[in-house]
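Peer 1: Take this structure first; my questions come after.
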Amino acid sequence: MAKMLLHVSAKVTKEREEAYNTWYNEEHCPKVLRLSGALSARRYRMIMGESEYDYLTAYEFADEETFQRFEDSEGIQELFTDYDEAFGDASVRIRAAYVQIWPEE
């Protein structure tokens, strides 16, 4: 089956950036990995480009079914609530999911 990527792009206020990165690295990503069935999580800070978002987190899933189970789970609502309570007033985010089309497996 094809692999899936979930990308979360975010922009955070400068005043909360350090706290945001600490929370995201030490609390949020580990919790996503525990609740989602994702194979991995990686975070990136933009150094070049035209996006308004400063950060990108990429979660890799083994297949579409695993990703869909995560999307349909109560765990995702818990993650949204955690995020909004911690940084909803200091950030903007978007999510997008992609299925691998090449190389074919």
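Peer 1: Can you tell me the orientation of helix 74-87 relative to the chain, as the angle in degrees between its alpha-carbon axis and the longest Cα principal axis, to the nearest 10?
Peer 2: 20 degrees
Peer 1: Further, regarding this structure: Go through region 36-69 and name the GluC sites (Glu not before Pro) that are in a DSSP coil and have 15 or fewer other Cβ atoms within 10 Å of their Cβ. Provide the component values of the computation, followed by the final result.
Peer 2: Values: sites: Glu50, Glu52, Glu60, Glu64, Glu65; in loops: Glu50, Glu52.
Those that pass, being in a loop and sparsely packed, are Glu50, Glu52.
Peer 1: Something else: What is the percent carbon and sulfur in the accessible area of the chain, measuring with a 1.4 Å probe over the protein chains and ignoring ligands?
Peer 2: Ligands and nucleic acids excluded, carbon and sulfur give 50 percent.
Peer 1: Taking 0.36 nm per residue of sequence separation and subtracting the Cα-Cα distance, how much length would be gained by fully extending the chain between Ala90 and Ser51, in nm to one decimal?
Peer 2: The span from Ala90 to Ser51 would gain 12.3 nm if fully extended.
Peer 1: Continuing with the same structure: For the chain, modelled as a GNM with alpha-carbon contacts under 10 angstrom, which of Ala41, Ala58, Ala19 fluctuates the most?
Peer 2: Answer for the Gaussian network model of the chain: Ala19.
Peer 1: Turning to a different aspect of this structure: Defining a contact as two alpha carbons under 8 Å apart and six or more residues distant in sequence, what relative contact order in percent does region 6-85 show?
Peer 2: RCO, region 6-85: 36 percent.
Peer 1: With each run of n ≥ 4 DSSP H residues scored as -39500 (n - 2.57), what mean residue ellipticity at 222 nm is computed for the chain after dividing by its residue count and rounding to the nearest 500 deg cm²/dmol?
Peer 2: Result for the chain, helices only: -10000 deg cm²/dmol.
Peer 1: Select from Ser91, Ser51, Ser36 the residue whose mean-square fluctuation is largest in a Gaussian network model of the chain (Cα-Cα springs shorter than 10 Å).
Peer 2: Judging by the Gaussian network model, the answer is Ser51.
Peer 1: What accessible area per residue comes out for region 15-105, rounded to a whole number of Å², with a 1.4 Å probe?
Peer 2: Per residue, region 15-105 has 68 Å² of solvent-accessible surface.
Peer 1: While we're here: For the pair Glu105 and Arg42, how long in nm is the line joining their label points, each one 7 Å along Cα→Cβ?
Peer 2: Result: 1.6 nm between the two label points.
Peer 1: Further, regarding this structure: What is the Cα coordinate range of region 53-97 on the first, second and third principal axes, sorted by size from largest, in whole angstrom?
Peer 2: 33, 24, 11
Peer 1: So, one more: Output needed for the chain: three equivalent-ellipsoid semi-axes, defined as square roots of 5 times the C-alpha gyration tensor eigenvalues, in descending order, whole Å.
Peer 2: Numbers: eigenvalues 115, 60, 23 Å².
Ellipsoid half-lengths, sorted descending, are 24, 17, 11 Å.
The values are calculated or read from the model by the stated rules, or taken from the named source; none is laboratory data. Computed from a predicted model, the values in this text were never measured in an experiment. Heads up, the Cβs are rebuilt from the backbone with ideal geometry, glycines too, and the neighbour counts pull from every protein chain shown. Ligands, DNA and RNA are stripped out before the accessible areas are found, and what is left, the full protein with its side chains, is counted by its heavy atoms. Shrake-Rupley method; radii C 1.70, N 1.55, O 1.52, S 1.80 Å.
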